[in-house]
Every structure is written in structure tokens, then in C-alpha cells.
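Q: This structure is in C-alpha cells; I'll ask about it shortly.
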Amino acid sequence: MHGGKGFGGGEATRDPAPTYINPNDPKGKQQAIHKAESFAEYLAKRGGGGGAMPSRPTSGRRPIVGGNWKCNPASPYDLPALVANINACDTSSCDVYVCPSPLHVGIVYQSFNNGAYVAPQNCNFKGCGAFTGEMAVDQMEAMGIKWCLIGHSERRGEFGLPTPAESNALLATKLAYILDKGLNCIFCIGEPLPIRENGIDAVMAECRAQLNEILPILRGLSDHSRVVIAYEPVWAIGTGVTASPMQAQETHAGIRQYLASAVSPQLAANIRIQYGGSANAANAPELSAQPDIDGFLVGGASLKPEFAQIVAAIAAAKASARF
Ligand code: PEP
């Protein structure tokens with residue numbers, strides 16, 4: 001962390017003259033981009049540049065909020081209350097999905113009456129057959145499930161259990177399979193604390209490393225709404241320590257800028273990037289005001305009635321956004 005600050009809610013810090021360098025600048029003139037500016041601001045400053053600049057006053061990206069119930073609740077008798085939290089959400093201006101535990105997907109997947117999607121927390125990439133303990137995308141498709149979440153840090157090795165970490169290559173294989181079967185995907189990335197402590201350049205290097213394997217898939221994606229990136233700094237997940245709005249915006253803008261150079265400006269402008277890490281009803285409004293934050297992936301607070309307030313916060317922020 002720069003100066004050891006910026007982990008807390010409103011105490012954002014910024015380096016005096018932060019820049020990103022785009023190594024893929026088509027004109028060979030390296031483009032310096034202020035780290036905390038929005039992607040829209042970057043495009044506006046850059047000018048026409050091959051007709052890639054969107055002229056829309058707003059991002060045009062529909063907000064999306066997900067609730068990750070992880071391995072909760074213990075008892076199926078507690079599911080109705082959790083389902084009620086999701087059904088209380090106004091989905092008219094925001095996509096909502098929920099990730100029940102694998103055992104509970106089949107119990108609740110037809111329980112949502114407001115268009116909220118069910119998104120299993122993992123999948124395999126081979127289909128049905130002799131794959132003990134797996135959840136097949138093919139089974140999801142047959143159940144009418146439209147979304148699947150993969151790459152959560154707890155599956156990438158931050159589990160606290162001696163299970164093998166899922167690699168970037170494995171996750172790319174899963175993503176390709178999910179899309180091929182017609183489902184959409186929430187793809188999680190994010191850096192652990194030691195990387196964040198080395199500063200934003202180290203964070204961006206880690207984000208790029210976690211994205212690189214899926215770049216060819218993103219290049220072939222015609223409907224950019226089918227993949228959502230969930231940026232979840234590991235140090236903020238389940239800790240009560242939220243990234244400051246400036247930190248989150250800076251990283252989201254960096255991810256978007258990287259996708260612009262590595263995939264296309266169009267995909268970067270269209271793809272939705274969620275923030276995850278101790279998001280709650282109290283911090284959602286300020287985070288939602290950040291131009292490159294398109295929604296949230298929510299763990300603990302998705303088990304509470306306040307989840308609906310998080311959905312309302314981002315819907316309101318984006319409805320009034322002018323950037
Ligand atoms: C998560 O599980 O993805 C998450 C962000 O959890 P929490 O909101 O509890 O930090």
C-alpha cells in the first residue's frame with residue numbers, strides 16, 4: 001500500500017503523478033493515462049483514435065449485482081429467508097444473480113420471482129458422465145440456468161483448505177465451455193494483500209496475469225454482456241475492509257484500459273466490471289458513484305436484507321450518472 005493508507009472507507013490516497021503506459025499503442029507513441037481516471041475520460045482525452053470513442057453520456061452498461069452465498073446456510077430451512085432477500089430486489093434497472101451453494105442450487109433455482117438469475121459457484125468443463133462430485137454446465141443448461149461464476153479467489157487457492165488451486169489455464173477452459181454451452185459467466189479476479197502492498201503497478205500485473213489466458217475468448221465474444229469481470233481484492237473479501245472508492249476505481253479503470261489495448265476498445269467500453277470485497281449497504285453508494293464500477297459481487301451482505309439496498313444504490317447511481 002502506498003503510504004500504508006487507503007484501506008479504510010473514505011480515506012483514499014493517490015500517488016502524485018500516477019500513469020499507466022500502454023505498450024500496445026498503435027501509433028507507437030506510448031500513451032500515459034492517469035491511473036484513477038475513468039475509461040470514458042481516457043477515451044475522451046485521447047480523441048477520435050480510429051472511431052473507438054463512445055459518445056454516449058452514460059456508460060450504457062446495465063448494472064449487475066450478485067450475491068455469493070458460498071457454503072451457506074447450514075440448514076435448508078434457512079433458505080426461504082435468503083431467497084426473500086433476493087426477491088426483495090428491484091431488478092428493473094439492475095441485473096441480479098445469486099450463487100447458492102452447490103447442494104442448494106437445485107432447491108432454490110426456481111424460487112426467484114423478480115428475474116434474478118441463479119449462478120452456480122463453479123462448474124466442470126467436460127459435460128455429464130463419470131465426474132464424481134462435479135457440476136456440469138450441461139446440467140445447468142438443462143435446468144435453464146443462464147449464468148455461472150468461476151475463478152473466485154477461494155477456488156484460486158485462497159480457500160484455507162489443501163485443495164488444488166484452480167489455474168488461469170483451467171479457468172480459461174471453463175469459460176470457453178460455459179460460453180460454448182450458451183451460458184454467461186462471471187469471471188473473478190483479484191490480488192492478495194502482499195501484492196496490493198506493492199502498489200498499483202503490482203496489482204495491475206496480477207490482474208493482467210489472471211486475464212491473459214481468457215483474452216482470445218474475449219476477442220471472439222460478440223455479445224460483450226455475456227462475460228462479467230468481478231474484481232475482488234482478496235484482502236477485502238470477508239474481512240470488513242473495503243477497498244476505498246479511489247482504489248477500486250483506479251483498479252477498475254486499469255482493467256478496462258488493459259482490455260481496451262489487449263482485446264478492443266469496444267469490449268472495454270461494454271464489459272461490466274463488478275467490485276467485490278466487503279461491499280454493503282453503507283459503502284455501496286460511494287463505490288457505485290465510481291464510473292468504472294458497474295456493480296458488486298457481495299458475500300456476507302447477500303445473506304442479509306441489506307442486499308436489496310446495494311442493488312438500489314448502484315441502480316440509482318448509474319441512473320443519474322453523467323460521464
Ligand atoms: C465474495 O465472497 O465474493 C465476497 C466479496 O465476500 P464479502 O462481500 O463477504 O467480502
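The values are calculated or read from the model by the stated rules, or taken from the named source; none is laboratory data. All values reported here derive from a predicted model rather than from experimental measurement. Every residue, glycine as well, gets a Cβ built from its backbone with ideal geometry; the counts of neighbours run over all protein chains shown.
Q: Can you tell me which of LEU297, LEU303 is of a type in the set (A, V, I, L, M), within 18 Å of CYS185 (Cβ to Cβ) and within 13 Å of the ligand (Cβ to nearest atom)?
A: On the way: LEU303 fails: within 18 Å of CYS185 (Cβ to Cβ).
Answer to the check: LEU297.
Q: Just one of the numbered conditions (1) crowded, with 17+ Cβ neighbours inside 10 Å; (2) assigned to a loop (DSSP other than H, G, I, E, B); (3) not polar (S, T, N, Q) is not true of LEU171; which one?
A: (2)
Q: When ARG196 is evaluated against the numbered criteria (1) crowded, with 17+ Cβ neighbours inside 10 Å; (2) within 16 Å of the ligand (Cβ to nearest atom); (3) under 17 Å from the mean Cα position of the chain (by Cα), which criterion, by number, is the only one it fails?
A: Against the list (1) crowded, with 17+ Cβ neighbours inside 10 Å; (2) within 16 Å of the ligand (Cβ to nearest atom); (3) under 17 Å from the mean Cα position of the chain (by Cα), ARG196 comes up short only on (3).
Q: I've got another one for you. I need the full set of residues from the stretch 118-141 which are within 22 Å of ILE107 (Cα to Cα) and either within 15 Å of the ligand (Cβ to nearest atom) or touching a residue at least 40 places away in the same chain (Cβ under 8 Å) (or both), in order please.
A: The answer is ALA119, PRO120, GLN121, ASN122, CYS123, ASN124, VAL137, ASP138, MET140, GLU141.
Q: If I ask for residues that are surrounded by 12 or more Cβ atoms within 10 Å (Cβ to Cβ) and under 17 Å from TYR97 (Cα atoms), which ones from the stretch 124-150 would you list?
A: Applying the first criterion (surrounded by 12 or more Cβ atoms within 10 Å (Cβ to Cβ)) to the stretch 124-150 yields 124-128, 131, 134-141, 143, 145-150.
Correct list: VAL137, MET140, GLU141, MET143, ILE145, LYS146, TRP147, CYS148, LEU149, ILE150.
Q: Six or more apart or on different chains, Cβ atoms under 8 Å: show the pairs whose first residue is in the stretch 59-77 and away from the ligand (no atom under 16 Å from the Cβ) and modelled with pLDDT under 95 and whose second is in a loop (DSSP other than H, G, I, E, B) and acidic (Asp, Glu).
A: Filtered contacts from the stretch 59-77: SER59/ASP294.
Q: Does TYR97 count as in contact with a Phe, Trp or Tyr (Cβ under 8 Å, 6 or more places away or on another chain), touching a residue at least 40 places away in the same chain (Cβ under 8 Å) and more than 16 Å from the ligand (Cβ to nearest atom)?
A: Values: in contact with a Phe, Trp or Tyr (Cβ under 8 Å, 6 or more places away or on another chain): yes; touching a residue at least 40 places away in the same chain (Cβ under 8 Å): yes; more than 16 Å from the ligand (Cβ to nearest atom): no.
So TYR97 fails the test.
Q: If GLY182 passes every condition in (1) within 16 Å of the ligand (Cβ to nearest atom); (2) in contact with a helix residue (DSSP H, G or I) (Cβ under 7 Å, 6 or more places away or on another chain); (3) of a type outside the set (Phe, Trp, Tyr) but one, which one does it miss?
A: (1)
Q: So, in the stretch 142-154, how many residues would count as being of a type in the set (D, E, K, R) and more than 11 Å from the ligand (Cβ to nearest atom)? Quick ask: steps written out before the conclusion?
A: Of all residues in the stretch 142-154, those of a type in the set (D, E, K, R) come to 146, 154.
Subset that is more than 11 Å from the ligand (Cβ to nearest atom): 146.
Qualifying residue count, the stretch 142-154: 1.
Q: Examine the stretch 240-253 for a residue that is surrounded by fewer than 20 Cβ atoms within 10 Å (Cβ to Cβ), near the ligand (Cβ under 10 Å from one of its atoms) and more than 13 Å from the chain's Cα centre (by Cα), and state whether such a residue exists.
A: Yes - at least one qualifying residue is present in the stretch 240-253.
Q: Take the stretch 276-287 and flag every residue that is touching a strand residue (DSSP E or B) at 6+ places or on another chain (Cβ under 8 Å) and either surrounded by 22 or more Cβ atoms within 10 Å (Cβ to Cβ) or touching a residue at least 40 places away in the same chain (Cβ under 8 Å) (or both). Before the answer, list the steps.
A: Residues of the stretch 276-287 that are touching a strand residue (DSSP E or B) at 6+ places or on another chain (Cβ under 8 Å), as a first pass: 276, 279-280, 284, 287.
Correct list: GLY276, ALA279, ALA284, LEU287.
Q: Now, a different point. Can you pull out the residues in the stretch 75-86 that are of a type outside the set (A, V, I, L, M, F, W, C) and surrounded by fewer than 18 Cβ atoms within 10 Å (Cβ to Cβ)?
A: Matches in the stretch 75-86: SER75, PRO76, TYR77, ASP78, PRO80.
Q: Sticking with this one: Return yes or no: is ALA209 within 26 Å of TRP147 (Cβ to Cβ), away from the ligand (no atom under 16 Å from the Cβ), surrounded by 20 or more Cβ atoms within 10 Å (Cβ to Cβ) and small (Gly, Ala, Ser)?
A: On the way: within 26 Å of TRP147 (Cβ to Cβ): yes; away from the ligand (no atom under 16 Å from the Cβ): yes; surrounded by 20 or more Cβ atoms within 10 Å (Cβ to Cβ): no; small (Gly, Ala, Ser): yes.
So ALA209 does not fit the description; no.
Q: Looking only at residues in the stretch 187-207 that are part of a helix (DSSP H, G or I) and among the β-branched types (Val, Ile, Thr), which one is nearest to ALA230 (Cα to Cα)?
A: Looking only at the stretch 187-207, we keep the residues that are part of a helix (DSSP H, G or I), and these are 193-196, 200-207.
Subsequent filtering for residues that are among the β-branched types (Val, Ile, Thr) retains 195, 200, 203.
On the way: ILE195: 18, ILE200: 17, VAL203: 15 Å.
Among those that are part of a helix (DSSP H, G or I) and among the β-branched types (Val, Ile, Thr), it is VAL203.
Q: Tell me which residues, restricted to the stretch 155-168, are within 16 Å of the ligand (Cβ to nearest atom) and surrounded by fewer than 12 Cβ atoms within 10 Å (Cβ to Cβ). If you could, list the steps in order and put the result at the bottom.
A: Taking the stretch 155-168 as the starting set, the residues that turn out to be within 16 Å of the ligand (Cβ to nearest atom) are 155-161, 166.
GLY160, LEU161, listed by residue number.
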